[in-house]
Structures are given as C-alpha cells and as structure tokens.
1. At pLDDT below 95, polar (S, T, N, Q) and at negative phi: which single residue out of C:256, C:243 fits that description?
2. Please work out which residue is farthest from residue D:219 (Cα to Cα), limiting yourself to region D:152-169 and to residues that are under 17 Å from the mean Cα position of the chain (by Cα) and charged (D, E, K, R).
3. Of all residues in region C:19-47, how many are farther than 20 Å from residue C:294 by Cβ and out of contact with any strand residue (DSSP E or B) (no Cβ under 7 Å at 6 or more places or on another chain)?
4. So, residue C:136, is that one in a strand (DSSP E or B), out of contact with any Asp or Glu (no Cβ under 6 Å at 6 or more places or on another chain) and under 21 Å from residue C:238 (Cα atoms) or not?
5. Based on what the data block shows, is residue B:289 acidic (Asp, Glu) and over 30 Å from residue B:27 (Cβ atoms)?
6. Take the residues in region C:239-261 that are touching a Ser or Thr at 6+ places or on another chain (Cβ under 8 Å) and facing chain D (nearest Cβ under 9 Å), then tell me which one is surrounded by the fewest Cβ atoms within 10 Å (Cβ to Cβ).
7. Looking only at region A:196-213, which residues are at the interface with another protein chain (Cβ under 7 Å from one of its Cβ atoms), more than 20 Å from the chain's Cα centre (by Cα) and not in a loop (DSSP other than H, G, I, E, B)?
4 protein chains.
Amino acid sequence: MKIGFVGFGAQARENLIPACNALFGVEIAAICDTDPAKCLEAATLFKFDEAKIFSNHCDMMDKCKLDAVIVACYPSAHYQIAYDAIERGIPVLLEKPVAARSEDVIRLAEMAKRKGVITGSGMNFRFADVTERIKQIYNDKIQMISLRQMANKPVSVLWDYNSVLKSFLHAQTIHGLDLLIHLCGSVKKLSVADNSSDGNIIFSVLLEFVNGAHGTLITSNTSPHFTFDLDVLADDRLHIKSTSLSTISVADMDKTYLKGERKRWCDTWAVSPLSSGYSRAGYTGEILDFINAIQAGDRDSKTALSTLIETYRCMDAIEEQCKRVLAVNY
Amino acid sequence: MKIGFVGFGAQARENLIPACNALFGVEIAAICDTDPAKCLEAATLFKFDEAKIFSNHCDMMDKCKLDAVIVACYPSAHYQIAYDAIERGIPVLLEKPVAARSEDVIRLAEMAKRKGVITGSGMNFRFADVTERIKQIYNDKIQMISLRQMANKPVSVLWDYNSVLKSFLHAQTIHGLDLLIHLCGSVKKLSVADNSSDGNIIFSVLLEFVNGAHGTLITSNTSPHFTFDLDVLADDRLHIKSTSLSTISVADMDKTYLKGERKRWCDTWAVSPLSSGYSRAGYTGEILDFINAIQAGDRDSKTALSTLIETYRCMDAIEEQCKRVLAVNY
Amino acid sequence: MKIGFVGFGAQARENLIPACNALFGVEIAAICDTDPAKCLEAATLFKFDEAKIFSNHCDMMDKCKLDAVIVACYPSAHYQIAYDAIERGIPVLLEKPVAARSEDVIRLAEMAKRKGVITGSGMNFRFADVTERIKQIYNDKIQMISLRQMANKPVSVLWDYNSVLKSFLHAQTIHGLDLLIHLCGSVKKLSVADNSSDGNIIFSVLLEFVNGAHGTLITSNTSPHFTFDLDVLADDRLHIKSTSLSTISVADMDKTYLKGERKRWCDTWAVSPLSSGYSRAGYTGEILDFINAIQAGDRDSKTALSTLIETYRCMDAIEEQCKRVLAVNY
Amino acid sequence: MKIGFVGFGAQARENLIPACNALFGVEIAAICDTDPAKCLEAATLFKFDEAKIFSNHCDMMDKCKLDAVIVACYPSAHYQIAYDAIERGIPVLLEKPVAARSEDVIRLAEMAKRKGVITGSGMNFRFADVTERIKQIYNDKIQMISLRQMANKPVSVLWDYNSVLKSFLHAQTIHGLDLLIHLCGSVKKLSVADNSSDGNIIFSVLLEFVNGAHGTLITSNTSPHFTFDLDVLADDRLHIKSTSLSTISVADMDKTYLKGERKRWCDTWAVSPLSSGYSRAGYTGEILDFINAIQAGDRDSKTALSTLIETYRCMDAIEEQCKRVLAVNY
C-alpha cells in the first residue's frame, strides 16, 4: 500500500505519519508540499531521493503509482487536491477541516460517489479507544449525550478564515459535534446559547436528534487544558461517564455488583498507562479503516466525506445562531 | 433558640434534627405530627413529656414559646402551616418542596414580607461545601455552568401529586435548578429537550440567564447513583469542575503552576474523608443561616421563600415544555 | 440505654455525642468533666440540670443508673476511670489512645474478663464503610496490605507524653496499625525504616503476620492532608485499592468484565456524597457494636480492650526500633 | 545517526523502532535477527534490500557503518553482542534485562569504561513523563518513596531462566527497583517479606538508602492491571502522589492554595489525553538521551550499564531473601 502525503506540516509529522509507520504494509511513497523548506525537511527525514518529493500534487499523483493520498493542508486547498485525486480515481483522506465550506464537502462527496472513489477524513475521535468501547456498552440506543469539550485555542483566526468563531468551529467543535452525530445520527433541532466576546469563545448547544435522543455540546477556548468529558444515558438504565479519552465508568440500574450491592458501585475502565496516543485518540483506527476499505474494495471508509455533510450543516447552523445572538446583544 | 418541628418523617429524623443537634444553643422544644405513631416515636427518642408532643401545629405554636418552626410535611400541607406561623410572627423554614404550586410560594413570600417574618427553605445545596468554595473562586461572574444531576428516583408519583414528572421536578430538579439560579440569577430563556417515557425521566435544559451567562441542566431518574457533577467557566480564564459534592478542580489560563508549567496542571480540592455529610450537603449551613438571620433580626435568611420564586417559575416552564414535547411526539 | 460521658472535649462533642444522638434508644444521661467551664457548657447545651453534671466520675457512676460509660480524657487518666467502671460492673468504652502504657491495657483487659464486664475502644476505623466492604470482598484471606497514612499532626508533644514520636504513635499510627492487625491478625516480625528528625516524623514499617500475610505501614506528620490509602492483594487474584475512606476499586484476575474484556476494567465503589462522616469513619459502627454487645449480653464488643493488646505491643516495638535507628544515626 | 537493531521481536517493533521513527535524524540502517522469518518480516516492513538484513550481529557491525546498536534479544545473548559492539567501539543500548547475571553487567560496564564506549539500557521509566516532573518538584531530596508495581505476568519461566521468581525480578521488578535507586541512590539495607507460592508472586521490600531515605516496593504478578503508583515524601513538607504514569498530585505543607486555604487542596497534573505512550513511558527520552550522549561525545548516557550495577545487586539480594523465606516456610 503506497501512500502519498500532501502537506508536510505538524499534523502530518506528529500524528499521521507516525500512525502510518506503526501499520504493517503501509509505505510512505511520496511527499508533496508547496514549501521548499518542508520538502527538504521531508527529504532529510525520510532519506527520500528527489523522485519522491514534489511541490505539485498533480505531479505526485501522475508520476507515482499511489494507492492512496492523505492530505493535510489549508482547508481551502483541500477541495482542489481532493478533486484531482478523485478525478484520477485515487482514494483520498482529508485531514480536518476537510473543507472551508459545506458546499465543497457536498460536491466532493457526490463526485466520489459518482466516480466510485473511496474517501476518508481525519475524524479520529470516532475511532478513539473510549468511543469504540462506549459503542459496545449499550444495547439499544443512546438517549442522552452530554459533551464538555474545552481547549485553549484557537484564540485568533486560523488559515485564511475570516473569524475566530469559524476557526474554532472548524478546528475544535467539528470533533465533538461529529462524535455526537456519529453516535446519535441526524439532528432535528439545534439551540445555541452563546456567551462569546472578542477572542473568547464560550457556547453551549442543545441538540435534538431525529431518532429521539438529545444532547448537549458545551465548549470554549478559555480553558488551559484540553477537556473531552462525556456523559451518556442509554437503555433506560445505563449511565456512562468518560473523561479525557482515558476513563469510562458504567453504572447500570439493573446490575447487581459485588456482594449483591446495587448502589454506589460501577464498572470502570482506564486506558493502559503504556498505550499509544495514536490509538487512544483514534488516529490509528481512522487510517486503518481507510486502508481496509481500499483493500476490501466493496465499501466506502467509515469517515467518507458523505458522512461529514451533517456535521458541516450543524456547524453552519451553530455559526448562524451565534452570530444572531451576537447581533441581538450588541 | 427553641425550635418546634412539624412533621417527624425521614428527612426530619435523618438530616434536619441531627444537623440541629450539632449546633450550639439550639433546643428542639416541641414536635408535631398528625400521625400518633410518629408522635410516640418522637416522645420515646427525645424523652419528651406529653407537653412537648403535638398533633396540631397551631396548638404547638400557641402553647410553646417557639423561636422558630421547621416544617417537613407533604408539600400541599406546607402552605397552611407556614401561613399559621407567619400569621403568628414565628420564623418558619419549609423543607423542599416548599409548596406544590408556584402561587403558594409567591403568596407566602408576600405575606412574610408584609408581616416582617423571616422564612427559610430546605435548599441545602446552596450551602454545600463545594458551592461555598466555588463562589469564592471566581472574581467576576460565571459565564457558563453545566450540571449533570442524576438519580434513581422518584419513579412513581410522590405525595399527592398527579405525575411522575412533577414529582421528579419538585423532589430532584428543584435542587439543581435552584443552585444554577442561586449562582447565575434570573432566567431569560429556557429550552428543554425531553426524552422521557413512562416512569423514565430524561431531559436536558438549556438556560440563558439575564446576566448573560448560560447553563445546562442534564437530569434523569434512570441512573443507579446520585450524581451531582458541575462544570463552570468564569472570568474568561477559569474552568472549574466539581464532582459528587466532594471534589473541585480549578484550571486557570493565567496561572503558572509548579516549575513554571502552564498546562495540564490544576488546583484540586477534596472533601475531608472525615467530614460530616450534613456539612458537605449543606444542611448545617442552611439551618445555621436561618438561625443567624433570626438572631440578627435585621435581614431575611438566604433561603427566604422569596428567593425560591424564580426556581418555581422555571420548574413550571420546564414542566410545560416537557408536556408539549410529549404532546408532539405521541 | 443510659450513657454517661467522662470528658467533654472536642472528640466527645464533635464525634461521639453526635454519633450517639443519631442512634435510637440511646440517652446521654450524664456528663462528667473536671473542668467547671466544660461542665457549664455541657449543661447549657443539653439543658441538663445540676443532677446530671459531675466533676467526679465515681460520683456519676454511683448516683446515675448508667448502662454504660464512654470516656474521652487524657490517656493517662483512662486507666483509673476504666478501673472504677469495671469495678462497678459498668460497661466502658475508652477513646483512643485507651491508655498511655501497654501494661495498663493488659491489666484492664484482664480485669474486665475476670469481672465479665464489656469494654470497648475508639478504634472507629475497624467499622469504617470501606473496611466493612473490603472484608466482604475477599473469600480466603489477605496476602498483602499496604497502607499510606499521612497527617499534618501531631508536631508537638500531646497530653502528658514525653515525645512527639510517642504522641504520633498513640494519636495517628494506632489507627492504621490497628486496622492492619484487625484484618491480618497477630504480627510475627516487624521492621522499621525511620527518617524522622525533630518534630518531623517519617517512617515505614514492614510487617509479617503470623498467618503468612505481610503488610507495609507508611506514615508521616509532614503531609498537609489526612491520607488513608490502602492496597490489598488477596486470594491470588484480587487487587483492591481504597483511597481516603471514600473509594474502593477491585480488579479481579478471574473476572470477565463488560463485553468480555478482562483487562483495564475494575469494579469501583464511591461513598455517597450525602453520607455522614460518622458512618464513613466508623464512629457509628463502633458505638453501635458496643451498645449491641451490652444489649446482647453474651459477647464482648468487637473493640474490647483485649483486642488492642497486639496493637499496643506493636506500637511499643515500632517506638523501640525508631529510637534505635535514632541512636545509630546521631 | 545510523542505528542497527539486533533482535526484531515485539519490543523492537512495538516500542523501540516507533520511538526511533519519531526522532529526527535517526536512521534505522540495518536489522539483525537469527530467525529468518523475522528477517523477512523486517525486510518487507522497511523495504530493506538484502544488504541491510543480517543473521549475524558481527557481520552487521562490520559491514554497516553504524553509529550505534540497539539490542533486544534474550538476556543471556546480550553479553556477547554487547561485548562485540564495545570491542568495535560502537555505542550499544541493551534492552532490559540487560543481562541474566550481575557479573555480566559489571564486566560490560568495566569494559565500556576502559574502551571509552557509550552504553545505554532500556530503563525507560527513568525518563517517564511523571519521573521527569517528580524530579523537578522537590528541592532537597526524597525522604520516603513507596511504589506499588503490580502486573499479571510473568506467571511462567521467561527466556532461558530457571525460575518464575527470577523471571519476574528481571522482567518487572527491575523497573520499579531501578526507579527507586535512580531517585534515591545506593541501598544500605533491604528487607523482604515474601508471600509467594507456585507461580503467584507477592512480595514487599523495605529499602534503606545510603542517603538516609527509605522506600517500599510492593509488587506482584496477581493483579489483572499494570499498576505503577507512587507516594513520595520530600523536603519535610511535600507529599507527592503519582498513579499509572498518568497523574501527579502535590500537597505542600507550606503552600497557601486558592483563597488562602491550606488544607485539602493540592496541585495536580494529568498527562495529555493525546500524548504518546512512547513519551509517557519514557522510551523516547531513553533513546534520545543515548543518542544525545553519542553526539555530545563527552559524557556517557544516563542509562549506562554502570548505572545498573546497584539495581542488579539489589535484585540478587531480593532473590536471595525470597528463597530464604521460602526455605523457612516450607
């Protein structure tokens, strides 16, 4: 499996390439970056000769016989690169945010479907250790999900975006929101309470899903730590808590615990202290699923661009409501 | 300070009376219960002679020279008892729910104001150890507060109420909702997502406060444990977490922690393993404040009935919205 | 059940009397203190007339028809008071330290046995919520127990003792050591590593029990928090952890957890956030067992003085070894 | 920096090579394994041509111009491989256990010193995130350290060893013991309480260090989880706790915490949920220090074989005492 990388920035170097390196049978066959300095760095690091380093992604796709392309550039550049890959029938995985605009996600998803090309996206939290486990714990369905997702960035405009709010939505909120939609499906109604000001973003979203479940997404860039804490109610008897992608506790109304006790006991899980961050945060699972889909040949990846359309639709709705709140208040 | 108790049920015996017993200068001077069996029990327990045991609360108020009355009966009985106490100028503390209807709370609060009588209520969580501490941690104001309040009851109708939902609102939600209002003030807007069915109650409320803050109250009766977990954002730089009325952690964007590090460190507090539940849950503080207000003579108690009107107004709004959701769905 | 208290200090007022008040059928019938100020305080607090307040414990025992006496004075005074109670056939519970010298414990235990009088002691940790639970978790026996018991006091000499070390042993170590002996039985061998200096006490004890188990007691007065953390290995397959008298986790080699997983899961228990400190720390259980033994009439209490002899023997051995270390080092 | 690997087993593939891959400027230049199947696997995985795959380590050392060799074979094979590397002046890092016998460690350390060759060893816990942090927290020195190190293996004889006990000592205990010695220095006295039987190993060690500190190492192979929990007392005022290589809490007698409180608060640190296991467990730091020492040229690595002699001496002493206990008991 020969993979070409477009964009040799921090995300590629620190997460995607190490995650690929840990997988058997995956070869990083070529690297493309428009910045000559980064090309040089890649060449030095991987001992690549000139034939494997490119400044133009079409050149790379045309000259190397690639099985897949992984793209981690500015979101506004993703559309053209993905277009060119799909056009050539090359499976393509786009890092998040996969695009700056919802229309682009929809168009690429349609094109990929038409051409029968497998796509993937950097929605690693869908494959996080805790996500995989939580999905196995309930039998029927989630009834309520609450996520507190805090960070200390971005506090200024990212990429070529025009607001901190949109940068925050596409850099942070996308993960939490996508996870809720991944677990509960399409959104019927969405209400936002926004308390942001200047570069400080603080808002909460109440989500009602088509399947009857509801959720809350509580998020901010004013917390020094990355927080990713979940509460889930399911099956009219389970209360699942998860903190920091590292722990899960499950309290079950119907379960008899040690020595016949029913209250104050629960089952708890903690990530192994020796586990890799790539696995815990889901990078390994995300790439592995993309590769498996390519090798299987008969299914799309679980992070296909089409699965992101609902997430983008909701990000747009949140942005819209935040702006309206802003307009009312000031 | 001579106190008379009306209602000798579990709440009085397990929480209120022990909390009073731990306070200096407080004498339990008389007990009234309409149930002769409970009167007998009280007589035996406190070695009270007949002169101190009553079946009629007016008798007790008229015959004993009481400094205050504490009432823990059915909510529907509270109105008349409180009325009779206020009428006589006797300070009165009503256990929660202080009344079955919002109108009654408003009327009693007005009457108490007119007569200049001090009132109090069993809103102990306002005085919980963690509440007291959290209030001291932020300088300016809370911007976001999220509370997960789970329980395993009530699952059937309580008192002489007519629905599990209202029983749940008045037995459980009242505490969490009141705490949010206590910390953030009046509510401007309130949206409910409800996923309840039969006796299983699961709903989330998005609250927007007049002061600009917002909050979420996530609650259910389908969890085997009592859960009371808070996240608070304040001052554009603080993320405060509190779990189980027992721990607090504070992460501060502007603080330099041990050895100059800024990330992944926080200040944490844990309740003393030897502390009393009365203090932790706020019973001691609630009664102490009521007594202090009586002795001071120049202020009302911090849990005066007037401070509960907003909480009742919001409980009514939640009940209304839940019913509407129910009507739409079925 | 009429109980007389000797010694109206902090321990009596804050822990023992409230714990008694929470028990049905227990009457605090008389209070004795050699300090007139404390007698006055007791009189005011409990509305006792003069006939129930005493400055001499023999007077109290002779004049009131007491079912039991609870003593919380200076340890050096306990011997005579207990002697006088046993002499009169009155069951007596001594707060810890029950005596300043091992000989006194042995003598009182022998006398109580000879006279057939029930005794008890303030070894509340034997009845702590976590202790009761841990005892039910293993089937066969504990193989290893490790206790970290930290405090910030005493840092100066207590009572009429002559060293900080002995004060620390009798005020703090007694609890942890007694718990280990309560759980594992008599001690075969005991090794101490001591790193104390001046008022700062830091030592660790390696204990080998007659039954084959071993344990470590790690203790100090240089920690700002009270710490009481346990690790227990039992049945060749259980690892039990307990922290702060508030949590228990149990990992079982042979258990299949949620979804068939065997690793990284465990059963956890957390004390109710509303529970009383008296129950959690074992005061309630300790007094209840003493009372139950008196009412049963056919057994001694579980904290009888005879059960403390081994604890005192080990405290003496630790003191001896610490002194020897000190002699070698300086 | 060209590195040759001897031994292409799980440790090399899962931890050492990924950790190397994450470092800039490190090239995996050759791989040697006596098992042809593993050679083939390595060739496929790294696209190495035949010239870079070896079945004889001397061949590899002689034919490739290596800057260093990393060895992860059976411990009994390490001596000869290390000997051949040192003989050739090639820096060599040995995975743990670096040797089956203390004599071998001593001989290799002496030889390396004589030849001026840099050595390293797989003592990754010395570089674990929590270790690095704990070392910065205290000013003066550690006074007490207690480690609970539990595992569920080995339960049978490893490598070509002749007992489960020695296998356990060299596979598990070595890490914990080495960390204590790394932090507190040479050991003056060591007492063991052993409760092992058959394949079940349970023992505790009381260690007295030359510098006056003392410690306890509590370990077993009967716990389903890997546990690595530390308590440290230092500077007569600090109580540091660390659990699972993932958290640290620091309670300081002299520190005033939030709002002037001194008790029940502490500073806590938690590993980032996105951090890599290689960094957390110290693999990255261990290899980086080895490489840095080679590049610096004027110092040995911090895990040089000479630094392991004390650890081996203590493992021998523990083994001896466990055997003696066994002899006495049975």
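The values are calculated or read from the model by the stated rules, or taken from the named source; none is laboratory data. Because the structure is a prediction, the values reported are computed rather than measured. Cβ sites come from the backbone with ideal geometry, for glycine too, and all protein chains shown count toward neighbours.
1. Within the list C:256, C:243, the selection yields C:256.
2. Out of the qualifying residues, it is D:166.
3. Residues of region C:19-47 that are farther than 20 Å from residue C:294 by Cβ, as a first pass: C:33-47.
Retained after the next criterion (residues that are out of contact with any strand residue (DSSP E or B) (no Cβ under 7 Å at 6 or more places or on another chain)): C:33-38, C:40-41, C:44-45.
Within region C:19-47, residues that are farther than 20 Å from residue C:294 by Cβ and out of contact with any strand residue (DSSP E or B) (no Cβ under 7 Å at 6 or more places or on another chain) number 10.
4. Values: in a strand (DSSP E or B): no; out of contact with any Asp or Glu (no Cβ under 6 Å at 6 or more places or on another chain): yes; under 21 Å from residue C:238 (Cα atoms): yes.
The answer is no for residue C:136.
5. Working: acidic (Asp, Glu): yes; over 30 Å from residue B:27 (Cβ atoms): no.
Here the answer is no, as residue B:289 does not meet what is asked.
6. C:253
7. A:200, A:202, A:206, A:208
Every residue, every condition in (1) within 14 Å of chain C (Cβ to nearest Cβ); (2) out of contact with any strand residue (DSSP E or B) (no Cβ under 6 Å at 6 or more places or on another chain), yes or no:
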| site | (1), (2) |
| --- | --- |
| D:153 | yes, yes |
| D:163 | no, yes |
| D:190 | yes, no |
| D:194 | yes, no |
